[in-house]
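J.: The structure under discussion is supplied below as structure tokens; questions concerning it will follow.
The values are calculated or read from the model by the stated rules, or taken from the named source; none is laboratory data. In this text, all values refer to a predicted model and were calculated from it rather than measured experimentally. Here the Cβ positions follow ideal geometry from the backbone for every residue, glycine too, while neighbour counts run over all protein chains shown.
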Amino acid sequence: MTTYFDTMPSPIGRLLLTATEQGLSGVFMEDHKGGPEPAPDWVHDPARLEAAKSQLRRYFEGTLRDFDLRLDLNGTRFQVEVWNALRRIPFGATASYRDLAADIGRPNAVRAVGAANGRNPVSIIVPCHRVIGADGSLTGYGGGLDRKRFLLEHESRARQ
């Protein structure tokens, strides 16, 4: 399977976008924990990723709240279930890991939900930044807590 890629600037640093024939498969920030580097067999294809780049630009401008992109989420069945639950968290809202576990019908899987959240390959679009601790605190984020704080504050401002 061919991986296509491109990069784009953003207010939180350069983003690496990846796609397959099935859809967008990754959005990674610079220094993203667990994020990939382009491999020699990847194909640089800016046109294939233009819709994703356009929607991300509009998101950062504050004019887009809901992404409408075909995704290729590669993970275990449980991970994909969690990632789909993340997509149901409304723009500008937050949820706890406990909330997500309950949403997928597995209230005792809080830690597993946290692990799946941490492996989300499509940052921002699959909004793992909207997950906070049960006490309302910011918790780990692959892009770093400063970026998580920026994204949450950006959404809060854009909702007004």
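J.: Looking at the stretch 119-135 only, could you name the residues that are outside any helix (DSSP H, G or I) and either free of Cβ contacts under 8 Å to residues at least 24 places away in the same chain or within 21 Å of Leu17 (Cα to Cα) (or both)?
T.: Residues of the stretch 119-135 outside any helix (DSSP H, G or I): 119-127, 131-135.
The answer is Arg119, Asn120, Pro121, Val122, Ser123, Ile124, Ile125, Val126, Pro127, Asp135.
J.: Tell me, please, whether a residue that is outside the structural domain of Leu152 (by TED's automatic domain parsing), in contact (Cβ under 8 Å) with a residue 60 or more places away in the chain and of a type in the set (A, V, I, L, M) can be found in the stretch 38-59.
T.: Yes.
J.: Would it be correct to say that Ala109 is crowded, with 16+ Cβ neighbours inside 10 Å and either in the same structural domain as Glu155 (by TED's automatic domain parsing) or at pLDDT below 95 (or both)?
T.: When the stated conditions are applied, Ala109 passes them.
For every residue, the table says whether it meets (1) among the charged types (D, E, K, R); (2) under 15 Å from the mean Cα position of the chain (by Cα).
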site	(1), (2)
Phe67	no, yes
Leu71	no, yes
Thr76	no, no
Glu81	yes, yes
Phe91	no, yes
Pro107	no, no
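For every residue, the table says whether it meets (1) in contact (Cβ under 8 Å) with a residue 12 or more places away in the chain; (2) part of a helix (DSSP H, G or I); (3) touching a His at 6+ places or on another chain (Cβ under 6 Å); (4) closer than 17 Å to His32 by Cβ.
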position: Val80; (1), (2), (3), (4): no, yes, no, no
position: Ile89; (1), (2), (3), (4): yes, no, no, no
position: Leu100; (1), (2), (3), (4): yes, yes, no, no
position: Asn117; (1), (2), (3), (4): yes, yes, no, yes
position: Lys148; (1), (2), (3), (4): yes, yes, yes, yes
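J.: Can you tell me which residue among Arg130, Arg119, Arg157 is charged (D, E, K, R) and at pLDDT 95 or above? Steps first, please.
T.: Details: Arg119 fails: at pLDDT 95 or above; Arg157 fails: at pLDDT 95 or above.
Matching residue, one of Arg130, Arg119, Arg157: Arg130.
J.: Going through the stretch 16-73 one residue at a time, which ones are among the small types (Gly, Ala, Ser) and either under 17 Å from Glu155 (Cβ atoms) or part of a loop (DSSP other than H, G, I, E, B) (or both)? Steps first, answer last, please.
T.: We begin by selecting, within the stretch 16-73, every residue among the small types (Gly, Ala, Ser); these are 19, 23, 25-26, 34-35, 39, 47, 51-52, 54, 62.
Listed by number, the residues that qualify are Gly34, Gly35, Ala39, Gly62.
J.: If you check every pair at least six apart or on different chains, which have Cβ atoms under 6 Å apart with a residue in the stretch 1-19 that is closer than 23 Å to Phe150 by Cα first and a residue that is of a type in the set (Asp, Glu) second?
T.: Gly13/Glu30; Arg14/Glu30; Leu17/Asp6
J.: Taking the condition touching a residue at least 12 places away in the same chain (Cβ under 8 Å), of a type in the set (A, V, I, L, M, F, W, C) and in the same structural domain as Leu151 (by TED's automatic domain parsing), does Phe67 pass? If you could, list the steps in order and put the result at the bottom.
T.: Values: touching a residue at least 12 places away in the same chain (Cβ under 8 Å): yes; of a type in the set (A, V, I, L, M, F, W, C): yes; in the same structural domain as Leu151 (by TED's automatic domain parsing): no.
Here the answer is no, as Phe67 does not meet what is asked.
J.: Of the residues Gly62, Gly26, Gly75, which single one is surrounded by 14 or more Cβ atoms within 10 Å (Cβ to Cβ) and closer than 15 Å to Ile124 by Cα?
T.: Just one listed residue meets the conditions, Gly26.
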